[in-house]
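A short worksheet on the structure shown next.
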Amino acid sequence: MIEKIENKTAKITIVGMGYIGLPTSIAFAQAGFNVNGYDVNEEIISTLKSEKIHIKEPDLQQAFEKVLNSGKLKPTNKLEKSDVFIICVPTPFIKKENEKLSDISYVESASKAVAPFVEKGTLVILESTVPPMTTDEVVGKIIEEETKLKLNEDFYLSYCPERVLPGKILFELKNNDRIVGSSSEKAQKITKELYESILTTGKAYTTDTHTAEMCKLVENSHRDVNIAFANELSIIADKIGIDVFELIELANKHPRVNILKPGAGVGGHCLAVDPWFIVEKFPEESDLIRTAREKNDYKPQWVVEKVEKELKEKFPNKEKDITIGILGLSYKPNIDDLRESPSIEIALTLKEKGYNVVGCEPNVLKQEIKGIKNLSLDQTLKKSDYLVLTLAHDEFKQNISLIMSKEVLNVVGITNKGLN
Ligand SMILES: NC(=O)c1ccc[n+]([C@@H]2O[C@H](COP(=O)([O-])OP(=O)(O)OC[C@H]3O[C@@H](n4cnc5c(N)ncnc54)[C@H](O)[C@@H]3O)[C@@H](O)[C@H]2O)c1
């Protein structure tokens, strides 16, 4: 296999043509491999076959057209024999009371689908984010059961998590360091060789499977715990009546302190979800990770409580007559992604409580988002009596003096003042 990788004759099939699978197929095709891009969704495959990509990602369309026209990438809804299968299917979550549990059914069905094509020497790689112990114990077991082949003796299996940033996926695929985890040294070696063929400045590091699985979850949990610390500080600072952003900026002048910024909460499909995959497997041992998740999940509710308190003081007996403008509805600055957005939770909770709420999300060109009117910044400033600044979008930063001239709860601390 090493030789086939070196001379680019190894055939690769990517399973799942989404945000991760499609750019990964393009990267391997650009490196000179023959790649099959497989998806169960026929619409996606026919879109790809008609030379169009179905995801929003800068520069990807051009790169896709090149590898499609060169014949190196073949979109397909039929699996066939391949030297390498790379599984990039979704791992969504199921909400259970206040917790989120992983749904690995797509990983299971993808493993069942590739199993008939796994032969002696085949390498299977899982890239989807999964709870620890899913690679060998779920994917490996399914393939062993379906094929009667033995893991690490007949076929090889690795876990290679993704850490790319949407908007920069193709660049980061080549420039980020990769973690390659496997319970077989031979698989580690082959998989490292394979990823090194697409890496430019990034390096591939090998480890065992469980460390690689945990590595992905720990990266996001680390950020989540640190944001929770900042969010906790914001609530304490509010009680004291001091500015948390000034406090953090001053504390960060210490050479070994680097506190993150608090905000309206934590959203999206990675930071707000992945830590739960550790809690799910180790509920007794993960109280810090769980508490951080709960703290970050509570922050939008705290913002609502703070808004209600301020409205009572600033607009006594008129709270429900005035209009509240929520500045930012996506889940982080300068993107259009609304998944698990804390700002939307704030807007909807206030609306349910009977307040008049409008939103301003310059990155989404829709007149309404989840039942909230989506106005321009100019319209929002004109219409609103009270503003909640929930995201540090560039447009808000550029107009901060205008925004701050109104009654505003500044949850993200954009300011036109520096430290004294
Ligand atoms: N998107 C990101 O920025 C990102 C970053 C890091 C990790 N991840 C992880 O990567 C994985 C994939 O995420 P994504 O964003 O690419 O998902 P996605 O929803 O964009 O794409 C997944 C694709 O898999 C297809 N699919 C589902 N079941 C299939 C099956 N059995 N066989 C073949 N195709 C199948 C779907 O039709 C879809 O096109 C997830 O585990 C996610 O958590 C994503």
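For the reader, a short list of remarks on this structure follows.
- Scanning the range 298-331 for residues that are under 30 Å from residue 278 (Cα atoms) and either over 33 Å from the mean Cα position of the chain (by Cα) or crowded, with 21+ Cβ neighbours inside 10 Å (or both) yields 299, 300, 303, 329, 330, 331.
- Listed by position, the helices (runs of 4 or more DSSP H) contained in the range 241-355 that have at least 3 residues being among the charged types (D, E, K, R) and touching a Gly at 6+ places or on another chain (Cβ under 7 Å) form an empty set.
- Qualifying positions in the range 366-399 - in contact with a Ser or Thr (Cβ under 7 Å, 6 or more places away or on another chain) and not hydroxyl-bearing (Ser, Thr, Tyr): 383, 385, 391
- Residue that is more than 23 Å from residue 275 (Cβ to Cβ) and not in a strand (DSSP E or B), where the choices are 211, 201: 201
- Of all the listed residues (194, 157), the sole one being out of contact with any Lys or Arg (no Cβ under 7 Å at 6 or more places or on another chain), in a helix (DSSP H, G or I) and buried (at least 18 other Cβ atoms within 10 Å of the Cβ) is 194.
- Of note, residue 292 satisfies the criterion of being of a type in the set (A, V, I, L, M), in contact with a Phe, Trp or Tyr (Cβ under 9 Å, 6 or more places away or on another chain) and surrounded by 23 or more Cβ atoms within 10 Å (Cβ to Cβ).
- The set of residues from the range 82-124 being in contact with a helix residue (DSSP H, G or I) (Cβ under 8 Å, 6 or more places away or on another chain), surrounded by fewer than 17 Cβ atoms within 10 Å (Cβ to Cβ) and either of a type in the set (Ser, Thr, Tyr) or part of a strand (DSSP E or B) (or both) comprises 99, 101.
- Considering only residues in the range 27-81 that are away from the ligand (no atom under 14 Å from the Cβ) and of a type in the set (Phe, Trp, Tyr), the one that is surrounded by the most Cβ atoms within 10 Å (Cβ to Cβ) turns out to be 28.
- When residue 184 is tested against (1) among the polar types (S, T, N, Q); (2) free of Cβ contacts under 8 Å to residues at least 40 places away in the same chain; (3) outside the structural domain of residue 127 (by TED's automatic domain parsing), exactly one condition is not met: (3).
The values are calculated or read from the model by the stated rules, or taken from the named source; none is laboratory data. If you're wondering where the values come from, they're calculated on a predicted model, not measured in any experiment. Methodologically, a virtual Cβ is constructed for each residue, glycine included, from the backbone with ideal geometry; neighbour enumeration extends over all protein chains shown.
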